[in-house]
Amino acid sequence: MPGHDWWGAPQWAAWLEYKDLPIKAATKTALVRMEEEGEENRSGHEYAALLLDDPLLALRLLRDANRRLPRRLAHDITTPLGILLALGTEQFKRQVRDAPEVAGGNQGFLDIERRASLAARIAFAWGSLHHDLDQGELALAALLADAGEIELWAFVPELPQKALDELHAGCAVRSDLAQRQACGFTFRDLSLELIERGGLPQLLKQLIRGDEGMRAHIARLAVNAGRHLSYGAGDPALPHDIVAAGRLTHAPLATVVQGLPLLTEEEREALLLAATLLMPTAA
């Protein structure tokens, strides 16, 4: 956008704050299919699972759900199921039907949303490996970690494309550095600004920021693994993610690998072997 070259994360967050967030057409299609198949035996978890495939739907409903909370309550809504319970099934479905759809042909948007969904599902699976971790909180944090970049792809795609071009041209070796060079701020900083301005739970901000503690480490690992998995099962960083998750949760590597979605058995076996070879051998 001409004339906005000097804007940083706070200015873009202020501009994006009141945008009507679009959702994927596939989400509306999935809801229609669920209704056609019959709702008698549908659980809240099945509706809430729709959020894990649509970060902007999750963000718009999370804002609404927390705004509806009576201020006397001491807790915030921090999980997909919590969003559904706060809004109610009918309001949840109404908001899905009424939300605008993201414009077609926006490949950058589709790529970053797919990456966020992968991260959320990995966080949910890895969160189950330790009894005191809330899977839903981890999944929502991983899903929204790149909310800033997702919104930029939805409304000003030339900005994240500029950062992507910087990276592909070899002008930066890491995404965050490319973003700083091309845009003057990192997209993670924008995500945190959006959460702050939207009055969203501080717990999610802490998890996304990567504060110390197992939950934050798992959420950050899931985001990294989602990004690496989006490049393909052969990405060389994935085995390192698996080893790190195993060490954090004290789970067997085979169990950690099972938490990675959309893989064939052959790919899981290859990743398990690669991760095992990274482990130090006993003396």
Legend entry - Nearest-0.05 FRET efficiency for residue 162 and residue 98, computed from C-beta distance (R0 35 Å): 0.60
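Within the stretch 191-223, which GluC sites (Glu not before Pro) sit in a loop by DSSP and count at most 16 neighbouring Cβ atoms inside 10 Å?
Working: sites: 193, 196, 212; in loops: 212.
Here the GluC sites (Glu not before Pro) that fit, given the DSSP loop and packing criteria, are 212.
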Legend entry - Cα Rg, Dmax, the stretch 193-283, angstrom units: 15.1, 53
Legend entry - Cα-projected label distance for residue 43 with residue 26, points at 7 Å along beta-carbon direction, nm: 2.3 nm
Inset, instruction - Along each of the three principal axes of the Cα atoms of the stretch 150-224, give the extent in whole Å, ordering the values from largest to smallest. - result: 36, 25, 17
Inset, instruction - Scan around residue 23 for amide H atoms under 5 Å from its own, H built in the peptide plane at 1.01 Å from N, and keep only partners 5 or more places away or cross-chain. - result: 101, 102
Inset, instruction - Calculate the spin-label point distance for residue 255 paired with residue 34, positioning each point 7 Å from the Cα along the beta-carbon direction, and give it in nanometres. - result: 2.9 nm
Inset, instruction - List every DSSP H helix in the chain whose Cα atoms extend 27 Å or more along the helix's own long axis and whose mean Kyte-Doolittle hydropathy is at least -0.5. - result: 107-127
Inset, instruction - Report the label-to-label distance for residue 18 and residue 5 in nanometres (one decimal), using points 7 Å from each Cα along the Cα→Cβ vector. - result: 2.8 nm
Legend entry - Neighbour-limited loop hits for trypsin sites (Lys or Arg not before Pro), the stretch 149-202 (at most 12 other Cβ within 10 Å; DSSP other than H, G, I, E, B): 174
Legend entry - Positive-end extreme of charge dipole, the chain - chosen from 109, 272, 15 (charges on Cβ): 15
Legend entry - Backbone N under 18 Å from the residue 110 label point (7 Å along Cα→Cβ), restricted to the stretch 1-34: 22-30
Legend entry - Environment charge of residue 225, counting only residues whose C-beta is closer than 11 Å and scoring Lys/Arg +1, Asp/Glu -1: +2
Legend entry - Under DSSP loop assignment and at most 10 Cβ neighbours within 10 Å, longest chymotrypsin sites (Phe, Trp or Tyr not before Pro)-free interval of the chain: 19-283
Inset, instruction - Could you tell me, in Å, what Rg and Dmax come out for the Cα atoms of the stretch 1-230? - result: 17.3, 55
Legend entry - Neighbour-count order for 257, 32, 243, 223, fewest beta carbons within 10 angstrom listed first: 32, 243, 257, 223
Legend entry - Debye, to nearest 20: dipole size of the stretch 141-283, +1 on Lys, Arg Cβ, -1 on Asp, Glu Cβ: 400 debye
Legend entry - Ascending count of other beta-carbon atoms within 10 Å, so fewest first, for 146, 98: 98, 146
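Just so you know, all these numbers are worked out from the coordinates, no wet-lab data involved. All of these numbers come straight from a predicted model, not from anything done at the bench. All Cβ positions, glycine included, derive from the backbone under ideal geometry; neighbour counts span all protein chains shown.
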